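Following: one structure in structure tokens, then a few remarks.
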Amino acid sequence: MIERVVENWLTSANERQYQIPFCQVLSSEGETVIYASPHGALEQGKDVITIAADRVPCAYQLKAGRINLKGWQAIRGEIDELVELPISHPSVPTGKLHRPYLVTNGAVSDTVLNRIESTNRVWKKYNPKPLRLIQSGELVTRFVRAHGSFLPRETKDFSSFLELIVNGGSGPFDKERFSSFLESIVPIRPSTHVLPRDVGRSAASAVLLTSYIVQGCEREQNHWAVFEAWIVTASYILAAASKHRTPVKWWVRSFDLCELAAVRALESLCQECVENHTLFTQGDPFTDGAFYPVRITILAGTLSSLSLYHRLRSEKWEHESFVQDFLLAHTKRIQVWGESAAPYMTMAALELEQHGAHARSEQLIGQLVETIVSLNGSKGRGLPNPYYDPESAVRLISGMEPTNPELFTGNSYALEPLVEFLARRLARGMLTHFWERITRVHFTGFRPAEEWEWFRWRAENGSLDHRMPNTPQSWAALLDAAENAPSDVPSLLRDRPSFMPFFGLVFPHRFGVGFLRSLERAIQERS
Amino acid sequence: MLPDFPKSRKELSEKLRLHLRLRVQGKSPWAALGREHTQHEGRAFSYEQIIDESKRIVETGFEEMVVPIRFEFKDIPDLVGEALFRKLDEMADNIAEQTSQLGQRRLNEATQLAGTAIDAGGQPFTQELFLQGESARDWEFNHLTGQQEGVYIAHPQTAERMHSLWQEWEKDSAFMKRVAELKARKYEEWRDRESRRKLVD
């Protein structure tokens, strides 16, 4: 059955879509992936560069579909570069000969096979290692082998897998169902110790399964959904690694591929925004107004998180000024649909600060605090908590869920980290203004019992802590607390600061005091 | 399997659950007045209690409530309309009773700890007992109207008795003067508490 799934997926994927899972297959087979062209763009004919187990560098060029003679002639120049030009990469000694591979998820015609054979004799004077061909049949076999035994076994898991695949792909990603499915693949349930090799294998399988599952979203170019899917998978890899204390070398390649796939999705989203000429409106005009502010908030958060990601990696990013313009022009349209909007708005505020827009940044957080204390400090339903994603929250507050009786007044998950955010910026005036209303809302936060459960969609063990804001509150004590070192944040997250903005958006229920302190500290250290 | 309609049944089930919940709230003041919080993950929770002006953290977990329900296959086909709502009402009675017992138990524990619990020891409800009880607790007032806020929870018979007693006591000017003095004092205490909701140096 899995063969059919892989085959179907592979047939419909383009070279960009199967690049990351192909890297995972190579990695599972013992090659070290040292380069995967980040934008899918061809560089010297090499989409993927690896070092094989025998220390020989390998260069792969990926193509989609059947290659006939006409197609071969069209790509001949690129293939020449792939074979003849030596690999130029810091990890490969200059002049070291490489093995060139042409990979296609389709088939290659016999005429082309003959051409390759004869051309290999010509190329020999530049590179004695001949061009090798990998076609769809071999790819399917290698993909299936890379899964090992880490495949959905129970009928319900397999059915869930198929349902995730056939999901239309144009709506928000079903993180809950996907997480539940991943828990059947990544070994986090057993209490017995799992070997590092098995953690690595399960991570590799999770990467491949994610590729199959997001194909519908990719077809629809639903970049936000693709981004969320990859971050959930990356988090589950961290969960397994943290639970079994697995050394980094066993899982880091899979984690990095997830992060790369998530970054690519956001880069595509950013590109779509850059090229947008409809003021970010979309679809039926009669219904778009209700969701427009939510879309703007999501865009502000995701684009800011991508910019922060590059900053945290000390990388220059070409769209930095676009994000700045977007935030300055559109943050007035931002809407707080619920507490799961808090990380989005905070990422936007942190990014605005990087452009010197401190007043706008604090105003944005002030707006969020105002909304929380107004709605959760008085009678009524209150603001949906962070366990409600944007669509669920909008449905709830618009009366589209008449049978859901959940109330949110009296407490807030995001309020305490936001208060600390303002305190760290010495916004005493704003906090003085709010404090009376802040005291009418309890600070709430979930504390997973063990570090690894931080990375699960829902932790099984842990405590939901409610605290009353102090009456009165000493400014000096508040400032002191806000400047304290981050606590309770898992080391695997603290050690990956560039992953934190993404994790905060996708797991808004983990956005708390420790998380925000940790993220801000990382940004400060790199500024 | 036999022909079935899971999607619609799920929707119906949600509506019935909501009905049940509202019935429980109608029967138990603890369910109606208590602050609700739905916990989405984990098995424990903690909250703060103020004892003698200082905070204490209470760490606790969930308590399971069990309502036994018995269905006979032969009855299921007719479990619609009034019969269905009768069944739900039976469940609501049971849940409401357990909720009230739990609420009462937790309140007793908290008031014992805070020293605000008063045991009449089986003696009749008197003016002194009333004033003693009122004076032991914090009063809340409405910010806009200045009216005292709060709800008395009592057994229906006790509530009736309290009501008739109050009608008698209202005619006692000396007692009402003491009530007015107490209210003035409690109002000042409330204002004092409210004035502390601020950020200071």
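The values are calculated or read from the model by the stated rules, or taken from the named source; none is laboratory data. Just so it is clear, the model here is predicted, and its values are computed rather than measured. Cβ coordinates were reconstructed from backbone atoms using ideal geometry, including for glycine residues, and neighbour counts include every protein chain displayed.
B:Leu165 falls short on exactly one of the conditions (1) under 30 Å from B:Gln49 (Cα atoms); (2) in contact with a helix residue (DSSP H, G or I) (Cβ under 9 Å, 6 or more places away or on another chain); (3) modelled with pLDDT of 90 or more, and that condition is (1). Tally the residues that are more than 17 Å from B:Arg178 (Cα to Cα) and over 22 Å from the mean Cα position of the chain (by Cα), restricting the search to the range B:115-130. The total comes to 4. When you look at A:Lys96, is it buried (at least 21 other Cβ atoms within 10 Å of the Cβ), touching a residue at least 12 places away in the same chain (Cβ under 8 Å) and in the same structural domain as A:Glu29 (by TED's automatic domain parsing), yes or no? So A:Lys96 does not fit the description; no. Of the set (1) surrounded by 15 or more Cβ atoms within 10 Å (Cβ to Cβ); (2) more than 25 Å from A:Arg424 (Cα to Cα); (3) among the polar types (S, T, N, Q), all apply to A:Gln473 but (2).
Of all residues being in a strand (DSSP E or B) and either of a type in the set (A, V, I, L, M) or more than 7 Å from every other protein chain (Cβ to nearest Cβ) (or both) in the range B:45-54, which is nearest to B:Thr116 (Cα to Cα)? Just the residue, please. Reasoning before the result, please.
Taking the range B:45-54 as the starting set, the residues that turn out to be in a strand (DSSP E or B) are B:45-51, B:54.
Filter again for either of a type in the set (A, V, I, L, M) or more than 7 Å from every other protein chain (Cβ to nearest Cβ) (or both), leaving B:49-51, B:54.
Values: B:Gln49: 13, B:Ile50: 12, B:Ile51: 10, B:Ser54: 15 Å.
My answer is B:Ile51.
In this structure, B:Val151 does not satisfy being among the aliphatic types (A, V, I, L, M) and either over 30 Å from B:Ala96 (Cβ atoms) or modelled with pLDDT of 90 or more (or both). Just a yes or no: is a residue in the range B:164-182 within 30 Å of A:Glu436 (Cα to Cα), within 14 Å of chain A (Cβ to nearest Cβ), of a type in the set (A, V, I, L, M, F, W, C) and in contact (Cβ under 8 Å) with a residue 24 or more places away in the chain? No, there is no match, as no residue in the range B:164-182 is within 30 Å of A:Glu436 (Cα to Cα), within 14 Å of chain A (Cβ to nearest Cβ), of a type in the set (A, V, I, L, M, F, W, C) and in contact (Cβ under 8 Å) with a residue 24 or more places away in the chain. Here A:Ala349 qualifies as touching a Ser or Thr at 6+ places or on another chain (Cβ under 7 Å), surrounded by 22 or more Cβ atoms within 10 Å (Cβ to Cβ) and over 26 Å from A:Met400 (Cα atoms).
Applying the criterion of being farther than 16 Å from A:Phe443 by Cβ and of a type in the set (A, V, I, L, M) to the residues of the range A:470-495, the residue that is nearest to the other protein chains (Cβ to nearest Cβ) is A:Ala476. Within the set A:Gly40, A:Gly95, the sole residue that is modelled with pLDDT under 90, in a loop (DSSP other than H, G, I, E, B) and more than 22 Å from A:Thr233 (Cβ to Cβ) turns out to be A:Gly95.
Restricting the search to the range A:329-346, which residues are crowded, with 23+ Cβ neighbours inside 10 Å, in contact with a Pro (Cβ under 6 Å, 6 or more places away or on another chain), not polar (S, T, N, Q) and not in a loop (DSSP other than H, G, I, E, B)? Correct list: A:Glu339, A:Pro343.
Given the structure, is B:Gly146 over 24 Å from B:Asp119 (Cα atoms), modelled with pLDDT under 95 and out of contact with any Ser or Thr (no Cβ under 6 Å at 6 or more places or on another chain)? Outline the logic, then answer.
Working: over 24 Å from B:Asp119 (Cα atoms): yes; modelled with pLDDT under 95: yes; out of contact with any Ser or Thr (no Cβ under 6 Å at 6 or more places or on another chain): yes.
Criteria met by B:Gly146.
Being within 21 Å of A:Asn14 (Cβ to Cβ), among the β-branched types (Val, Ile, Thr), out of contact with any helix residue (DSSP H, G or I) (no Cβ under 8 Å at 6 or more places or on another chain) and in contact (Cβ under 8 Å) with a residue 12 or more places away in the chain is not true of A:Ile51.
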